[in-house]
Amino acid sequence: MRRLILSCLLFSINYSYAVEIKDLGYEVKNSSNQFGSVMIKHSDNDGDSLLLNKQKINLGKEGNSFTLNMLSLINYPKASVYIILGGSGGTMDMDSNIACKFLTITGKNAYQVSALTYCPGNYKDAVQIKNNLIIVKYSNIAPYAESTDIGSLSYDYTKNKVEIITHLKRDSYYKKKFASYTPVQIYQEAAADGNIDKDTGLIASCHICGMYGYKYCFKFKALANPPHDKYYTILQKSCN
C-alpha cells in the first residue's frame, strides 16, 4: 500500500523542464542553437541581414533596421528563441529607431518572427522565464524619465504573442511632474550636469548633453506658470 501511494504521488508531480538563457551581448555575430546557427551578415549599403543556416530570415517590413544585434538566446527543449535588436539612424539610442523582435526557431528551416516590441534593459535579470513565458523588463529611455520607470512584457513562443504586463509612465505623468518646476531649477540641473555651452551661455546641444538638450527642454515646455526671468530667457532661446 505504501509503495502504491508513493507511486501515485510521483506520477501526480508536474515536472518542469530546464530552460537555458544565454546573454549574447552586442558583439556576437554567429550563434549556434539546437537547429543549426544564426548569423548576422553586415552590409554598409543594404543594412544587416539575419541568416538561419545560411538562409536569409524574413524579419518583416517593420522597423527598417539597418543594424542588427543578437541580445539573448533562450533554449527550450523544442525551440530556440532569440531576442534580436534592430536599429537605424543616429547613435543607437534615443535619437535612433530601436526596437526588438523575438525570433523563434523550431527546425532547420522553420522559424517565426514576432511583432516589434521593447528591448531588455541593461541590468541583471532583464530576461527571465516564468510559467514557460519569456519575461522581459525594459526601461523608459527618455532622458527625463525616472530610473524606476521600468516596464515588463511577456512572450509566448507557442503563440508568437507579445503582451505588455507593466506599462511605462506616460509623458502626461512627466509633464504634470515638471509643471511646478522653475526655470532656474532646470538651468541649475543642466549646469550641474556640465551641459551649459561656455561660449553662448545656452544649454549645450550635443548628443551627450541631455540628448541634445531634450532632457531640459522637455521640462521647460512642461512649466505651467514660470517666472519670465533671465533663466526663462536662456531656456527659451535654447529650446527654440
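The values are calculated or read from the model by the stated rules, or taken from the named source; none is laboratory data. Quick caveat, the model's predicted, so the values are computed rather than measured. Here the Cβ positions follow ideal geometry from the backbone for every residue, glycine too, while neighbour counts run over all protein chains shown. Heads up: the accessible areas ignore ligands, DNA and RNA and are worked out on the full protein's heavy atoms, side chains in. Shrake-Rupley method; radii C 1.70, N 1.55, O 1.52, S 1.80 Å.
Only one of the numbered conditions (1) in the same structural domain as Ile74 (by the TED database); (2) open to solvent by 50 Å² or more (accessible area, probe 1.4 Å) is violated by Lys176, and that is (1). Annotation note: of Gly210, Gly201, the sole residue that is in contact (Cβ under 8 Å) with a residue 60 or more places away in the chain and more than 30 Å from Ala79 (Cβ to Cβ) is Gly210. Quick one: Tyr111 ticks every box in (1) open to solvent by 80 Å² or more (accessible area, probe 1.4 Å); (2) of a type outside the set (Val, Ile, Thr); (3) not assigned by the TED database to the domain that holds Leu71 except a single one, so which number is it? All conditions are met except number (3).
Determine which member of the set Tyr187, Tyr138, Tyr214, Tyr181 is within 20 Å of the chain's Cα centre (by Cα) and open to solvent by less than 60 Å² (accessible area, probe 1.4 Å). Only one candidate qualifies: Tyr138. Evaluating Thr106 against the criteria (1) over 13 Å from the mean Cα position of the chain (by Cα); (2) more than 30 Å from Phe218 (Cα to Cα); (3) open to solvent by less than 50 Å² (accessible area, probe 1.4 Å) leaves one unmet condition, (3). Given the condition open to solvent by 20 Å² or more (accessible area, probe 1.4 Å), touching a residue at least 12 places away in the same chain (Cβ under 8 Å) and either among the basic types (Lys, Arg) or assigned to a strand (DSSP E or B) (or both), answer yes or no: does some residue in region 223-237 qualify? For region 223-237, residues open to solvent by 20 Å² or more (accessible area, probe 1.4 Å), touching a residue at least 12 places away in the same chain (Cβ under 8 Å) and either among the basic types (Lys, Arg) or assigned to a strand (DSSP E or B) (or both): present. If the condition is being in contact with a Ser or Thr (Cβ under 9 Å, 6 or more places away or on another chain) and assigned to a helix (DSSP H, G or I), then region 188-199 contributes only Ala190. For region 19-62, the set of residues classified as touching a strand residue (DSSP E or B) at 6+ places or on another chain (Cβ under 9 Å), assigned to a loop (DSSP other than H, G, I, E, B) and open to solvent by 80 Å² or more (accessible area, probe 1.4 Å) consists of Tyr26, Glu27, Lys29, Gln34, His42, Lys54, Asn58, listed by residue number.
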